[in-house]
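The values are calculated or read from the model by the stated rules, or taken from the named source; none is laboratory data. The structure displayed is predicted, hence computed values, not measured ones. With ideal geometry, Cβ positions are generated from the backbone for all residues, glycine too; neighbour counts draw on all protein chains shown. Note: accessible area is taken over every heavy atom of the protein model, side chains too, but ligands, DNA and RNA are not part of it. Shrake-Rupley method; radii C 1.70, N 1.55, O 1.52, S 1.80 Å.
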Amino acid sequence: MVPSNYRKKYTEFKQTLEQLQEITVESDTGTLWKSFSGVQEFFGREILGLKADDISPEMASRIQSLHTEMHKQLRLLKMDLMFLRSAHSSETLRVRQIQVSDRLKTLLGYCSALLGE
């Protein structure tokens, strides 16, 4: 969907999300939080920093819509991670991990849509 010069940034962002997804399964919440901060910074610096000057208005609008949704999902993921950090019982911890995993799957889906996969 996106021009080839943008593909690299979206591919890198998708890879950072995949790494975060792997960390979600095997790491403590401190490591997870630190990794999430890196993902969030990458999104703000590299993805939101992409200029839409050389693409059609229709494509720019579609990309902007997906960026808005991705930004929203990242904010919700941040909340999910805060709830995960405060979980005490194993059942609550499991539910929170599922929510984080689902949120990451949604973000990965948006990346795939941008990459035309």
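Data for the structure
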{"item": "Ordering of 106-112, 54-60 by burial proxy (mean other Cβ atoms within 10 Å per residue, highest first)", "result": "106-112, 54-60"}
{"item": "Percent accessible area from carbon and sulfur atoms, the chain, protein chains only, probe 1.4 Å", "result": "51"}
{"item": "Normalised contact order of the chain, rounded percent, pairs of Cα under 8 Å and 6 or more residues apart", "result": "44"}
{"item": "More than 20 Å apart - percent of Cα-Cα pairs taken over segment 25-117", "result": "42"}
{"item": "Loop trypsin sites (Lys or Arg not before Pro), segment 34-66, which have at most 15 other Cβ atoms in a 10 Å radius of their Cβ (DSSP)", "result": "Lys51"}
{"item": "Solvent-accessible heavy-atom area per residue, rounded to whole Å², over segment 1-71 at 1.4 Å", "result": "58"}
